[in-house]
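Participant: Before anything else, here's the structure in question.
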Amino acid sequence: MRTSTRRHLHALQLAQACVELGARVRTVHHITRLPRRELIRLFYPDSQSIPRGRPPDSPEWYHTANVLFRADASLVGVLYRRLRHANLPSGSSLIAAYRHYRHLRAPEPRISFDRAFDLAAHLEGIWITSIRSFSVAVCPQCHSEHLTAIGGPRSQSVGCPWCKIIHRYRTDPRVQTSFPTLPLVDPRHIVLGIDLLIAQPPGGGADIPDDPA
Ligand SMILES: [Zn+2]
């Protein structure tokens, strides 16, 4: 198969994955470099179903978003960057990171695929901009990775979203709903060491063969 044909097929596969994740035509076009007309013809046959509206603008949005959105944006950004550091191409990294994020934050992920695209673009200075507006910082308090702005007067205005979430957890029902705790296992139903030994039949367990000597 010719290289150009292989590239085109790969771009179509990427486009299909983006569309399934709810991407608008503009986003798919930047990720795959496929012409918008071709994308509309192949993936948006119903003109009414094409996602419309103003595309996200994350550098401005991040500073006004509430802490739950900033935490989710950090999750997407950190997952994306880890895959990029593993040398996965940008489009594949975004799709894999977003799928992982969506799984983690099911059933209601706060960040759309278009927002994730915009965050990744401004994190790396690609697709729609050559300027990096975000980087990933490690919080000195909780040691979690989170998005932080590069330069500008607002760069220090928002801190680590995870610290804020931990701080608010006891008093904010929205935070509790967004990060539910897992129920603890009832220890009465766990067979522990001595109980297990007592439960063994006389002469030892069937799994351990007798010593031939
Ligand atoms: Zn923190």
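Participant: Just need the relative contact order of segment 54-178 here, percent rounded to a whole number, with Cα pairs under 8 Å and 6+ apart.
Facilitator: Working: 142 pairs, mean separation 33.9, N = 125.
Here the relative contact order equals 27 percent.
Participant: In segment 35-116, if the dipole is taken from +1 on Lys/Arg beta carbons and -1 on Asp/Glu beta carbons about the Cα centre, which of 78, 45, 67 is farthest to the positive end?
Facilitator: 78
Participant: Can you work out the FRET efficiency for the pair residue 57 and residue 186, with r the C-beta to C-beta distance and R0 = 45 Å, to the nearest 0.05? Could you put the intermediate results ahead of the total?
Facilitator: On the way: r = 49 Å, r/R0 = 1.08.
It comes to 0.40.
Participant: Taking neighbour Cβ counts within 10 Å as the exposure measure, how do 142, 160, 18 sort from fewest upward?
Facilitator: With the fewest neighbours first, 142, 160, 18 line up as 142, 160, 18.
Participant: Please work out the FRET efficiency for the pair residue 168 and residue 85, using the Cβ-Cβ distance as r and a Förster radius of 30 Å; give the result to the nearest 0.05. Before the final figure, lay out each step's value.
Facilitator: Values: r = 31 Å, r/R0 = 1.03.
Approximately 0.45, to the nearest 0.05.
Participant: As a footprinting exposure proxy, order 44, 169, 98 by other Cβ within 10 Å, with the fewest listed first. Please report the intermediate quantities before stating the final value.
Facilitator: Numbers: 44 17, 169 13, 98 26.
Listing 44, 169, 98 from fewest to most nearby Cβ atoms yields 169, 44, 98.
Participant: What list do you get for 186, 114 if you sort them by fewest beta carbons within 10 Å? Mind showing how you got there, number by number?
Facilitator: Numbers: 186 7, 114 20.
The order, fewest Cβ neighbours first, is 186, 114.
Participant: What residues of segment 167-189 lie in the reach of a label at residue 106, counting those whose backbone N is under 14 Å from a point 7 Å from the Cα along Cα→Cβ?
Facilitator: Backbone N within reach: none found.
Participant: Right, something else. When the Cα atoms of segment 1-48 are enclosed in a convex hull and the volume is divided per residue, what value in Å³ results? Write out the running numbers ahead of the final one.
Facilitator: Details: hull volume 3.3 nm³, N = 48.
So the per-residue hull volume is 69 Å³.
Participant: Would you mind checking the radius of gyration and Dmax of segment 47-130 based on alpha-carbon positions, in Å?
Facilitator: 12.7, 39
Participant: To the nearest whole percent, what portion of all C-alpha pairs in segment 73-181 is separated by more than 22 angstrom? Numbers along the way, then the final one.
Facilitator: Values: 2070 of 5886 pairs.
Counting every Cα pair in segment 73-181, those more than 22 Å apart make up 35 percent.
Participant: Can you list the HN-Hα couplings for segment 77-86, worked out from phi with the Karplus curve (6.51, -1.76, 1.60; θ = phi - 60°), rounded to whole Hz and with x for Gly and Pro?
Facilitator: These are the phi-based 3J(HN,Hα) values: x, 5, 4, 4, 5, 4, 5, 5, 5, 8 Hz.
Participant: Where a ≥ b ≥ c are the square roots of the eigenvalues of the C-alpha gyration tensor, would you call segment 1-91 rounded, which needs a/c under 1.5, or, failing that, prolate if a/b is larger than b/c, or oblate?
Facilitator: Values: a/c = 2.89, a/b = 1.37, b/c = 2.11.
It is oblate, given that a/c is not under 1.5 and a/b is not larger than b/c.
Any read-out appearing in this document is the output of simple, stated calculations on the displayed coordinates, not a laboratory observation. What you see is a predicted model, and the numbers here were worked out from it, not measured in a lab. Using ideal geometry, Cβ is built from the backbone for each residue, glycine included, and neighbour counts are taken over all protein chains shown.
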